[in-house]
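Report on the following structure.
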Amino acid sequence: MSESSYGKRQFFFLGSSREEGMVDHAVGDMVSSIRQFGVHTKIVKLVCMDKEMTNTMVSDVLCLSPRLTRTLSEIVFHKTKGNPLFFSQLMMSLCKDGLVRLSLSCRRWEWDEEKIQTRKLPDDVVAFLTSSIERLPQEVQMALSTLSCFGHATNATLIKVLETKCGNALIEPLEIAVTEGVLDRVNDIYSFGHDRLQEAAYNMIPPEDRCVLHFKYGAALVTRSLKLQDDDLLFTAASQINRGGPAAVEDAEQTVLIANLNLTAGRKAMEMSDFSAAYSFFDNGISFLRKGHWQEHYDLSLQLFESATDCALVLGDITSLKLLTNQIITSAKSFEEKLNATYNTVSALAYASQLPESVTRSILVLSQLGEELLDFYSESDTKLYIEQTQSMLKIFTTDQELIQYKKMVDPNKIMAMKFYARLRLSFQMTKVEAQPIVTMKIVQLSITRGMSPISPLGFTYFGMLLARLGDIREGCRYVRIGRKLLDKIGSKEVAGEVICVGTQIMCFIEPVQAALEAHIQGHKTALTAGDTHGALVNSMFHSGTSMWAGTKLSALTKQHALAHRLMEEHGHVTFLAHMTQMFKNISRLTGTDDSHVSKIEGVKKAREGNPHASYSQALQEMYIKFMFREYEEMKVIAEKYHNFNLHAWNLTYIHTSHAFYGGLVSSWVYRQSKDAKWADRARTAKFLMKKWADCNEWNFQNKLYLMEAEEAFCNKANDSAESLYKKALSSAREHRFIHEEALAHELAGHFFLDSGKKETAVEHFMQAHEKYYEWGAVAKSNSVLEFVQRVIGEMSSLSAYALSDLTSSSNRNTDNEDKNTRKRMSERLK
């Protein structure tokens, strides 16, 4: 307040600053200037509120009795120390985030005390509390520094163990810190209210002492963790020792103990499927080994390096995998002891699409294991192998007898089975004619030598082979045997792939929609086992099967984005080569940007060296040109597609899309070109679809009807075509294939348009527009409307008012689409 000499006029100036900042603050400068003129000023020091005042404030703010707000106010006081500014900030943030909220049913404010207790503090409060740490007693500061070595939060049990082992008081000083608001304690967990508080406490430790202290704390916890078999305590102890590092070791003999400790911790982490943590333990264990460790501690060194290569493969860390493998190849004493590292290397090469090198190395190792493969196998060779395998299987009179068969015990043959399984993957992409031979090698070895962890995979692929040759029922039988063998043997390393392949074959007798959940389970199972390949195979097939099963494209876009990211992260270029065009197709159907699609340089190269990937690419390109009726480009791509002439020994549900869309495209091209070869291609595809429909009407009946309708359209059998289009629509609707219901409406529209029934054609086109939009193919939906406008706009029977509705339907914002407009239009056309 100040008073003017010209009367009783007064001025009131209000400003604020922190007490320690008054000297250099604008408010302090203003006060000093005013005082120079003899004006009386008064500085009001705003003190912190006590618990009672804080409760009164909370009570007033929430309009509740102080009795009801006391528990909340105690938490608020603990976090703000009664500072009015911090009180205001915290209460506003709690309301904003819904932790304090108005309940309309109870007609009062409610809050979540547990979540509020664990909430991190605002930065201003942190700055205030950080400065207050320095004012705490020395023993409290030391306890906080110790706690900060273990991260943001630590269990009280661990602190008690440390207190006993190190002989320093910790619990009592930490309770003082809790009282002062520097720490929170909830359910025996001590935690810093903010990362900056932990950082401030940690920075009180001199840098030169930190390694020694971490090592000391870890060593203090090791014995207890091993005695109690407490894995969490073991991980903490090993992590603390590792943070100390080899420089903190005083006794050279300790290095071997610490390396063994890391080996134990890493293996336990692998059992928990935490491969990142496991690799860190193995890597740290290696770092503690001294020079000459391969000579002095050979077994320990081999185990650490082998385990590290297993984790590096799972994590897609190819650089580390190469370095570790080179060490093993150089230092291992025997061929057998190099096998696991070599297997990881050929796996990494296959995933990175370096297939020729992967195949060459695998064949070389198999020959050294007594397993020979010819350079070439003819189709007659394959059929002979199938007959031999089926003959060998006759020794088992029942499926249960096969499932209960003896176990394989020869370690070299067990390893050969693993190399065969990996070689089968590479042959699928490069040397197709040898792929079934490798499958039957696995089955025959299982019969002659016993069941290994790879055997379930071999029998599952054998089932696929039989299904591909036409005996779907027998193929499904062996798929079931493979699943039962999986359960009996507990083959975690191939579980994901067995589930994936088996699921695809079972789609030939079961509804495809049920398969999607199985692929999700297969993905999880494989990840848990550290089988990145199996996880990504399931992701790839889940995405592809979802596409052809008519999953809503909004959900499919998210699935594809996740699969795409996982493939990029793990460097699985081979899978990306198969999937990239499908990602682009979904973007075009939905009318969204495809910039997220992988631009990895190796994808194109991988496709060029992989005929199956190129074949899949051609199908996808042909499909999208067909969907948008880009005839000339579609015909060129279709010709290239049919020229591949691959003799595939695989059969999956995704392969049925080749017959379906290949057949529809062939019928379309035949109607335009009258070239008989296209009619032949359409018939061949139709016969395949009929065979599948005989086994599974749910998945294939509507497709067969539509292909037959298109054939009848080509042959000018209009009555038959009209009936078949109706059947295709009814079957697609009944079996929940919305995308194929939309396609059937669109193709029926073209048929009726060609037949001169233009009003009926428009009805079908409008239904196609509706169903495509419901599927999520917004761009495709709009293209149907544009076609109707462009080609049918001048129809004399179509009223101007109906045309106006059609135009508005095309031009409106698709996010706020008025379905009633389309309904009204269809009604006017009837």
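The values are calculated or read from the model by the stated rules, or taken from the named source; none is laboratory data. As the structure is a prediction and not an experimental result, all values here were calculated from the model. Note: ideal-geometry Cβ built from the backbone for every residue, glycine included; neighbour counts use all protein chains shown. These accessible areas exclude ligands, DNA and RNA; they are computed on the full protein's heavy atoms, side chains included. Shrake-Rupley method; radii C 1.70, N 1.55, O 1.52, S 1.80 Å.
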> In sequence order, what are the phi-derived ³J(HN,Hα) couplings for region 439-448 according to the Karplus relation 6.51 cos²θ - 1.76 cosθ + 1.60 with θ = phi - 60°, rounded to whole Hz, with x for glycine and proline?
Replying inline: 4, 6, 4, 5, 5, 5, 4, 5, 6, 7
> Can you give the angle from 0 to 90° between the axis of helix 26-36 and the longest principal axis of the chain, with both taken from C-alpha atoms, to the nearest 10?
Replying inline: 30
>> Less than 17 Å apart at the alpha-carbon level, and either on another chain or at least 8 residues along: which aspartates and glutamates does that give for LYS674?
In response: GLU632, GLU639, GLU710, GLU711, ASP754
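When ranked by the protection proxy of mean other Cβ atoms within 10 Å per residue, highest first, what sequence do the peptides 632-643, 200-211, 685-696, 529-540 form?
Values: 632-643: 16.8, 200-211: 14.4, 685-696: 18.3, 529-540: 24.2.
Ranking the peptides 632-643, 200-211, 685-696, 529-540 by packing returns 529-540, 685-696, 632-643, 200-211.
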>> Apply the Karplus curve 6.51 cos²θ - 1.76 cosθ + 1.60, θ = phi - 60°, to the phi angles in region 406-420 and return the couplings in whole Hz, x for Gly and Pro.
In response: 4, 8, 6, 10, 6, x, 5, 6, 4, 5, 4, 4, 5, 5, 4
> GLY193's amide H: which non-local residues (gap 5+, or another chain) put their own amide H closer than 5 Å, with H modeled 1.01 Å from N in plane and none for Pro or chain starts?
Replying inline: ASP184
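Ranking request for peptides 487-498, 323-334: highest mean number of other beta-carbon atoms within 10 Å first, then the rest in descending order. Numbers along the way, then the final one.
Working: 487-498: 20.3, 323-334: 16.2.
Peptide ranking by packing, descending: 487-498, 323-334.
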>> Tell me which of ALA618, VAL161, ALA201 sits at the most positive position along the dipole axis of the chain, charges placed on C-beta atoms (Lys, Arg +1; Asp, Glu -1).
In response: ALA618
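Protein chains only, probe 1.4 Å: how do ASP317, ASP184, ASP593 rank by accessible area, largest first?
Details: ASP317 50, ASP184 10, ASP593 100 Å².
Heavy-atom accessible area, descending, gives ASP593, ASP317, ASP184.
May I ask you to compute the full-extension gain from LEU469 to LYS406, defined as 0.36 nm times their residue separation minus their alpha-carbon distance, rounded to one decimal in nm? Each step should come with its number before you reach the end.
On the way: separation 63, 0.36 × 63 = 22.68 nm, distance 2.93 nm.
Between LEU469 and LYS406, full extension yields 19.7 nm more.
For a quick protection proxy, order the peptides 742-750, 357-365 by their average other-Cβ count within 10 Å, most packed first.
Values: 742-750: 25.3, 357-365: 19.6.
Result, highest mean Cβ count within 10 Å first: 742-750, 357-365.
Given R₀ = 60 Å, what would the calculated FRET efficiency be for VAL256 paired with ASP112, taking r from the Cβ atoms and rounding to 0.05?
Working: r = 50 Å, r/R0 = 0.84.
Calculated transfer efficiency: 0.75.
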> Which far-off residues, 5 or more places away or on another chain, put their amide H under 5 Å from the one on TRP109, with H placed in the peptide plane?
Replying inline: SER103
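If you rank TRP698, TRP668 by how much accessible surface each has, with a 1.4 Å probe, what is the order from largest down?
Numbers: TRP698 70, TRP668 30 Å².
From most accessible down to least: TRP698, TRP668.
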> Based on the alpha-carbon gyration tensor of the chain and its eigenvalue square roots a ≥ b ≥ c, which shape applies: rounded if a/c is under 1.5, prolate if not and a/b is larger than b/c, or oblate?
Replying inline: oblate
> Taking amide H positions as placed 1.01 Å from N in the peptide plane, with prolines and chain starts having none, which residues 5 or more places from VAL100, or on another chain, fall under 5 Å of its amide H?
Replying inline: CYS95
> Along the charge dipole of the chain, Cβ charges K/R +1 and D/E -1, which of VAL498, PHE77, MET270 sits furthest on the positive end?
Replying inline: VAL498
> In the structure shown, do any of LYS584/LYS640; LYS524/LYS771; LYS383/LYS431 have a Cα-Cα gap over 23 Å, and if so which?
Replying inline: LYS524/LYS771
>> Tell me which of GLN141, TRP698, THR41 sits at the most positive position along the dipole axis of the chain, charges placed on C-beta atoms (Lys, Arg +1; Asp, Glu -1).
In response: TRP698
>> Can you tell me the orientation of helix 513-529 relative to the chain, as the angle in degrees between its alpha-carbon axis and the longest Cα principal axis, to the nearest 10?
In response: 50
> In degrees, nearest 10, range 0 to 90: what is the angle between the Cα axis of helix 573-590 and the longest Cα principal axis of the chain?
Replying inline: 90
> When the accessible area of the chain is computed with all protein chains present and a 1.4 Å probe, what percentage of it is carbon and sulfur?
Replying inline: 51
> Excluding ligands, DNA and RNA, what is the solvent-accessible area per residue of the chain at a probe of 1.4 Å, expressed in Å²?
Replying inline: 47
> lysines within cross-link reach of LYS42: Cα-Cα under 23 Å, excluding same-chain residues under 8 positions apart?
Replying inline: LYS8
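Could you work out how much longer the chain between LYS691 and GLU175 gets when fully extended? Use 0.36 nm per residue separation minus the Cα distance between them, nm to one decimal.
Values: separation 516, 0.36 × 516 = 185.76 nm, distance 7.52 nm.
Gain on extension, LYS691 to GLU175, equals 178.2 nm.
Relative to the Cα centre, what is the charge dipole magnitude of the chain, using +1 at the beta carbon of each Lys and Arg, -1 at the beta carbon of each Asp and Glu, and rounding to the nearest 20 debye?
Numbers: 95 positive and 99 negative charges, 340 e Å.
With only Lys, Arg, Asp and Glu charged at Cβ, the dipole is about 1640 debye.
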> For ARG683 and GLU379 in one chain, what is 0.36 nm times their gap in residues minus the Cα-Cα distance, to one decimal in nm?
Replying inline: 107.0 nm
>> Run the simple label-point estimate for CYS95 and GLN789 please: 7 Å along Cα→C-beta, distance reported in nm.
In response: 5.0
